[in-house]
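Asks: A single structure is presented below for examination.
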Amino acid sequence: MSKGHHGAIKTVYALILAVIITGAIVGVATWYFTRPAKANVLEIYHWWTSGGEKAAITALVGVYESKYPDVGVIQSPVSGGAGYVMKALMKSLVLAGEAPDAFQLHAGYEMKPYVDGGYLDPINDLWSGQGWETVFPTVVKDMVKFGGNYYAVPVNIHRVNVVWYNKAVLDAHGISANITTWDAFFAACDKLVAEGMPKPIALGDQGKWAATHVLEQIIASEGIGFYQDFINGKVTSATNTTLRDALTKFSKYLSYVNDNHAALTWDGATALVINGKAAFNIMGDWANGEFLVANKVYGVDYGTFAVPGTEKMYGLCIDCFEHPKGVKHPENSLNWLQVVGSKEGQDAFNPLKGSISARTDADTTKYGPYQQAAIADFKKVTYMYPSVVHGSGMPEAFTAKLDDIMSAFVDNKDVSAAATSLTKAVTDASADFTKVWTLH
């Protein structure tokens, strides 16, 4: 079989897969079959499809279009929170040599297969030329650097260890939001149940990852030392008492969630809190965008507190764009990355997204009260930790199994079975734990 023919088959496979997921893709197949031969375009893939997310990426694209009005921007958004659908699609496109000009990735381990496979070009010159070394925090720079080379540009920093609450609901039941322990949190839930709200916690785990997101924060609440051991692949015993305690807490948490959780997306669960049908929701601060779209005011209609036990921690979810090797519009791709990493671009995107700028020189006057509080917290927390669920903290050989393990746990609440499955998955992936995290 000739190399060209083999490549053509790969391309066809990629297109077929794209069509299969058409419910999640906007305009992808149409563009592939109708694109002009020399169109001056920029094509980007991302998974920002909810209301707040759409507003944010539209603002960022607007900055690019204002600087490069002669370039047509083709967005190919792929629905599925945390990119769980897009990741599979993107791998097929990259392998087929059909990578877009840039696509969204999480910093950390999620980038590693693309780097190891030679599918991304280093962008050290862009980093030095834009002076980014001096405006991005060290922890952020380290998460997009491999082998001494930069391969991506961070567009934001999301905090993952956040509890969102409906202020009117808590006020009506005389519940203080000064909750710092799981005992206090569950006591508040019990009070709400007793007073007529049978399911006070909102969960939308369609796609599975949102439930795993909650467990991740509970694991962090067991202490930064335990979390560090967990992401370094050192928690390998199913009898580990701390792991079992985290699973036990998660089981109790699940007893308070809405019965239709498996049918809801993450933003559907956020909507339950917005509408006062639930009191609490653990979710990353992309949820803030949903409150903003609903015209809710932070501190008046809703509020936040750190997941119990994580007050001194900042869980990191960092979205990035990169420069794939052999892209069709390399200049447009690099110009896009320049906008992504710019102060103007980040200060247009993040106020709407709910995240904070990945830069240290953000114009805080452009951010709402939630983000201003988050920026202040980011500067004063004792520990930062990379999210596992959102691609950074642990290798794919482990995370590929994680959601299914948690999905089974959500159904059966079997602590022993989950501990056995989790630790086996860690052991099976031991060779892939190539990064040593030092969090404290």
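The values are calculated or read from the model by the stated rules, or taken from the named source; none is laboratory data. Since this is a predicted model, take the numbers as computed values, not measurements. Glycine also receives a Cβ, built like all others from the backbone with ideal geometry; neighbour counts cover every protein chain displayed.
Asks: What single numbered condition from (1) surrounded by fewer than 17 Cβ atoms within 10 Å (Cβ to Cβ); (2) touching a residue at least 12 places away in the same chain (Cβ under 8 Å) fails to hold for Leu89?
Replies: Going through (1) surrounded by fewer than 17 Cβ atoms within 10 Å (Cβ to Cβ); (2) touching a residue at least 12 places away in the same chain (Cβ under 8 Å) one by one, Leu89 breaks only (1).
Asks: Further question: Free of Cβ contacts under 8 Å to residues at least 40 places away in the same chain, closer than 30 Å to Leu292 by Cβ and surrounded by fewer than 24 Cβ atoms within 10 Å (Cβ to Cβ) - does that describe any residue in region 98-118?
Replies: Among the residues of region 98-118, not one is free of Cβ contacts under 8 Å to residues at least 40 places away in the same chain, closer than 30 Å to Leu292 by Cβ and surrounded by fewer than 24 Cβ atoms within 10 Å (Cβ to Cβ), which makes the answer no.
Asks: Would you mind stating whether Lys87 is outside any loop (DSSP other than H, G, I, E, B), closer than 24 Å to Lys401 by Cβ and of a type in the set (D, E, K, R)?
Replies: For Lys87, the condition - outside any loop (DSSP other than H, G, I, E, B), closer than 24 Å to Lys401 by Cβ and of a type in the set (D, E, K, R) - is met.
Here's the yes/no breakdown for (1) at pLDDT below 95; (2) within 15 Å of Asp229 (Cα to Cα):
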{"residue": "Phe378", "(1), (2)": "yes, no"}
{"residue": "Asp403", "(1), (2)": "yes, no"}
{"residue": "Lys413", "(1), (2)": "no, no"}
{"residue": "Ser416", "(1), (2)": "no, no"}
{"residue": "Ala425", "(1), (2)": "no, yes"}
{"residue": "Ala429", "(1), (2)": "no, yes"}
{"residue": "His440", "(1), (2)": "yes, yes"}
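Asks: Right, Leu192: surrounded by 21 or more Cβ atoms within 10 Å (Cβ to Cβ), in contact with a His (Cβ under 9 Å, 6 or more places away or on another chain) and assigned by TED's automatic domain parsing to the domain that holds Thr399 or not?
Replies: For Leu192, the condition - surrounded by 21 or more Cβ atoms within 10 Å (Cβ to Cβ), in contact with a His (Cβ under 9 Å, 6 or more places away or on another chain) and assigned by TED's automatic domain parsing to the domain that holds Thr399 - is met.
Asks: Between Lys435, Lys424, which is of a type in the set (D, E, K, R) and either crowded, with 16+ Cβ neighbours inside 10 Å or outside the structural domain of Ala246 (by TED's automatic domain parsing) (or both)?
Replies: Step by step, each of Lys435, Lys424 is checked, and only Lys435 is of a type in the set (D, E, K, R) and either crowded, with 16+ Cβ neighbours inside 10 Å or outside the structural domain of Ala246 (by TED's automatic domain parsing) (or both).
Asks: Now for a different question. Please verify whether Ser255 is over 30 Å from Gly368 (Cβ atoms) and of a type in the set (Ser, Thr, Tyr), treating the condition exactly as stated.
Replies: yes
Asks: Kindly evaluate Glu311 against the criterion of being acidic (Asp, Glu), buried (at least 21 other Cβ atoms within 10 Å of the Cβ) and modelled with pLDDT of 95 or more.
Replies: Answer is no for this residue.
Asks: Scanning region 219-258 for residues that are among the hydroxyl-bearing types (Ser, Thr, Tyr) and within 22 Å of the chain's Cα centre (by Cα), which turns out surrounded by the most Cβ atoms within 10 Å (Cβ to Cβ)?
Replies: Looking at the filtered set, the residue picked out is Tyr227.
Asks: Sticking with this structure for a sec: Are any of the residues in region 173-188 in contact with an Asp or Glu (Cβ under 7 Å, 6 or more places away or on another chain), closer than 30 Å to Gly326 by Cα and assigned to a loop (DSSP other than H, G, I, E, B)?
Replies: For region 173-188, residues in contact with an Asp or Glu (Cβ under 7 Å, 6 or more places away or on another chain), closer than 30 Å to Gly326 by Cα and assigned to a loop (DSSP other than H, G, I, E, B): absent.
Asks: Going by the conditions given, is Tyr165 aromatic (Phe, Trp, Tyr) and at pLDDT below 95?
Replies: no
Asks: Additional query: Just the residues that are outside any helix (DSSP H, G or I) and either buried (at least 22 other Cβ atoms within 10 Å of the Cβ) or touching a Ser or Thr at 6+ places or on another chain (Cβ under 6 Å) (or both), please, taken from region 198-213.
Replies: Pro200, Ile201, Ala202, Leu203, Gly204, Asp205, Gln206, Lys208, listed by residue number.
Asks: Do you know which of the residues in region 140-172 that are more than 16 Å from the chain's Cα centre (by Cα) and assigned to a helix (DSSP H, G or I) is nearest to Val388 (Cα to Cα)?
Replies: Looking at the filtered set, the residue picked out is Asp142.
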